[in-house]
1. Restricting attention to segment 172-190, which residues are at negative phi and open to solvent by less than 50 Å² (accessible area, probe 1.4 Å)?
2. Could you look through segment 34-43, keep only residues that are open to solvent by 60 Å² or more (accessible area, probe 1.4 Å) and closer than 14 Å to Lys96 by Cβ, and pick out the one that is nearest to ligand 1 (Cβ to nearest atom)?
3. If only one of Phe101, Phe60, Phe94, Phe84 is aromatic (Phe, Trp, Tyr) and more than 16 Å from ligand 2 (Cβ to nearest atom), which one is it?
4. Whether any residue in segment 38-59 is in a loop (DSSP other than H, G, I, E, B), over 24 Å from Ala214 (Cβ atoms) and not basic (Lys, Arg) is what I want to check.
5. Being open to solvent by 10 Å² or more (accessible area, probe 1.4 Å) and either of a type outside the set (S, T, N, Q) or out of contact with any Leu (no Cβ under 7 Å at 6 or more places or on another chain) (or both) is the filter here, so list the residues in segment 91-107 that pass it.
Amino acid sequence: MTDIEQIQQAVLQIMVIVKDQLRTNLNFNHVEKKSSRTDLVTERDKQIEKQIIAFLSDRFPKAYFVSEEGYGDCLTDLSGLVFFVDPIDGTLNFVKSHDQFASMIGVYHDGQPIFGAIADIMQDQIFYGGPELGAYVNQQPLAPLINQELSAGLITVSSRLLMEQLNNYRSIINHSSGLRIFGSAGIIFTRLFQNKEVVYISNLKPWDLAAGLAIGKAMGLQAINIDGAPINMLKSQTVIIGTKCATIETKDLLS
Ligand code: IPD
Ligand code: CA
Ligand code: CA
Ligand code: CA
């Protein structure tokens, strides 16, 4: 079995375990505020992050982990095998509405995306794939991405960017078919994969991006840093992700 097959098998195995655990018990047990009253972490975020890291480090002892809730490593470069872990993406949705949240694992080797998995918990779907493997949902190949223009589709801008810089995004929203807001980067990636959205703009951390970028690379999804720099998987940044046409159009409208 090649390394990528071992990685795929292990990541999908733990994703299924986590998805089924969350589906059978949606209690968050204990909730704490992080930077603000809407930036939350629950006992479940911490427990799942520890569980994913324990499972994968047992199978890949030389691997490093970049994860949201503090149980991973502090990395200054991306040499070797790196797993990016977001145990619950959309914690606020999980706590408030028990809907539209995901669990995500992105795998990079020497800084390049090789595999990603996004579990849409409430839809009981796991999206996964990578540049060498193609892109799938629950074992079925995903339909190809349609290179839709901005005017042909829905767009998503994070609520924080909209509140802080609405004027910058007004013309992009007006050029699109309409704006939708979801509160989970992972769920939005799955919508982009299914041609349900054409562009996503948000300020995201490495664990928000890694799985979606790996699957997206297999599908021909574009992802650019809003300031023109390459995407840096060691820091947070504002990104435009979408179809080739709509991403270029969005970037042009912003400059
Ligand atoms: C958040 C969600 C949200 C995005 C935030 C992320 P979390 O992840 O993906 O949609 O706008 O930037 O931090 O904290 O719920 O894992
Ligand atoms: Ca969080
Ligand atoms: Ca997240
Ligand atoms: Ca999270």
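The values are calculated or read from the model by the stated rules, or taken from the named source; none is laboratory data. Since the structure is predicted, the reported quantities are computational estimates derived from the model, not experimental observations. Using ideal geometry, Cβ is built from the backbone for each residue, glycine included, and neighbour counts are taken over all protein chains shown. Calculation scope for accessible area: heavy atoms of the full protein, side chains included, ligands and nucleic acids excluded. Shrake-Rupley method; radii C 1.70, N 1.55, O 1.52, S 1.80 Å.
1. Kept after step one, since they are at negative phi, are these residues of segment 172-190: 172-177, 179-182, 184-190.
Scanning segment 172-190 gives Ile172, Ile173, Ser176, Phe182, Ser184, Ala185, Gly186, Ile187, Ile188, Phe189, Thr190.
2. Step one: filter segment 34-43 for residues open to solvent by 60 Å² or more (accessible area, probe 1.4 Å), giving 34-35, 37-38, 43.
Retained after the next criterion (residues that are closer than 14 Å to Lys96 by Cβ): 37-38.
Numbers: Arg37: 14, Thr38: 10 Å.
It comes out as Thr38.
3. Details: Phe101 fails: more than 16 Å from ligand 2 (Cβ to nearest atom); Phe94 fails: more than 16 Å from ligand 2 (Cβ to nearest atom); Phe84 fails: more than 16 Å from ligand 2 (Cβ to nearest atom).
None of the others qualify; the one that does is Phe60.
4. Initially, segment 38-59 is screened for residues in a loop (DSSP other than H, G, I, E, B), giving 38-39.
Pick out the ones that are also over 24 Å from Ala214 (Cβ atoms) and you get 38-39.
Keeping just the survivors that are not basic (Lys, Arg) gives 38-39.
Checked against the condition, which is being in a loop (DSSP other than H, G, I, E, B), over 24 Å from Ala214 (Cβ atoms) and not basic (Lys, Arg), segment 38-59 yields at least one hit.
5. Here is the first cut: in segment 91-107, the residues open to solvent by 10 Å² or more (accessible area, probe 1.4 Å) are 91-93, 95-100.
Answer for segment 91-107, where residues must be open to solvent by 10 Å² or more (accessible area, probe 1.4 Å) and either of a type outside the set (S, T, N, Q) or out of contact with any Leu (no Cβ under 7 Å at 6 or more places or on another chain) (or both): Leu92, Asn93, Val95, Lys96, Ser97, His98, Asp99, Gln100.
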